[in-house]
Each structure stands twice: as C-alpha cells, then as structure tokens.
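Laboratory data are not the source of any read-out in this text; all were calculated from the coordinates shown. Since the structure is predicted, the reported quantities are computational estimates derived from the model, not experimental observations. Neighbour counts run over all protein chains shown; Cβ positions are idealised from the backbone, glycine included.
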Amino acid sequence: MTKTLTFKNEELAAIGNFLGTLSLKNKASRGRTKLIKLISAKNDEYNEDRKGTLEPFIKKDEAGNNVEGDTPGSVVLIEEKTGEANAAINEIDNESAVIEFTEYSEKMKALYDDIADYPTEFSNQDAAAYDLLMDQLETAFENEKDGEK
C-alpha cells in the first residue's frame, strides 16, 4: 500500500523548517532527514512553478530583463496585471503537494511515534506546522492501528 502525506505548497517550507528544530535520535532522526529531503524536492518544484507562473506578469526593462524590486530577489509586477498575478500565485500556493514515502515507511513510523508525545511545547508557527504534520502522519498510519485491533 502506498503511503503519502499531502500538504499545500505554501506549507512545505514551514514544515521542513519545523522538522529541522526537533531533537530526535536513531530511526526517528533518519525518518526526519528522509522527510526533509522529500519536502525539499517538492518545495523546489513549487518554487519553479511559482516562478514560471509569475513570468508573464513581471515588468521588463528596455533590454528585456526583469525589473528588480526593492528587496533582494524580488521583482516588479506589471501594475495592470497585479490582481491576475496574485490570483495565479494564490492558486499555486494552495495546490496539493503529495509526498510518497512508502519505501521509508518504517523510518516515518518511528518519526511519528517519537513526535506524537514530543516533550517540548510548541507555539506560533511551530505549533501550526506540528499540527499539519501530525494530521498527515496520523492519517498515513491509522490503517495500521485499525489492523492491529
């Protein structure tokens, strides 16, 4: 049976960053490392899609280069197309990113078991990322629990 986790594209970085803050040992740590790699690959795809989607809305200079914004790495959008650009980006941000982890199932189960009763309290973004991650891990492993009953 294929095991997957499903997040929104815009949630990937927060979940990956959260996982990096956890203090884990052995198999759970290895599960975290595998999951971070899988999340990172999906996040790279998302960033490429986002960049490609924005391209037609970016203001160009006389040489045809993107006009850079005030902050490093940002660009200026064509003023008349800002609403259209925001709608397109919002759509990509909310698309599902499905992460298949069947081959790492044992390591992911160890990760799930270790963080289910994690001894540290979480707040703000970490609490939200923990909740999203646990919802997905619980869904992925609940069939196994049902089979044990």
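Observations
- Using the Cβ-Cβ distance between GLU121 and THR33 with R0 set to 30 Å, the FRET efficiency from 1/(1 + (r/R0)^6) comes to roughly 0.80.
- For the stretch 1-122, convex hull volume per residue from C-alpha positions, Å³: 142
- Computed over the stretch 61-101, Cα set: Rg, Dmax in Å: 14.6, 47
- Between the Cα long axis of helix 105-116 and the first principal axis of the chain there is an angle of about 90°, rounded to the nearest 10.
- Applying 1/(1 + (r/R0)^6) with r as the Cβ-Cβ distance of GLU138 and ALA63 and R0 = 41 angstrom yields a FRET efficiency of 0.20.
- Cross-link reach list, lysines versus LYS109, counting only Cα pairs under 19 Å and skipping chain neighbours closer than eight places: LYS3, LYS25, LYS27, LYS34, LYS37, LYS145, LYS149
- Cα shape, the stretch 1-59, gyration tensor, a/c 1.5 rule: prolate
- Potential lengthening of the chain between THR21 and THR2 amounts to 4.1 nm, from the contour at 0.36 nm per residue minus the alpha-carbon distance.
- Separation of alpha-carbon centers, the stretch 61-82 and the stretch 1-48, rounded to whole Å: 32
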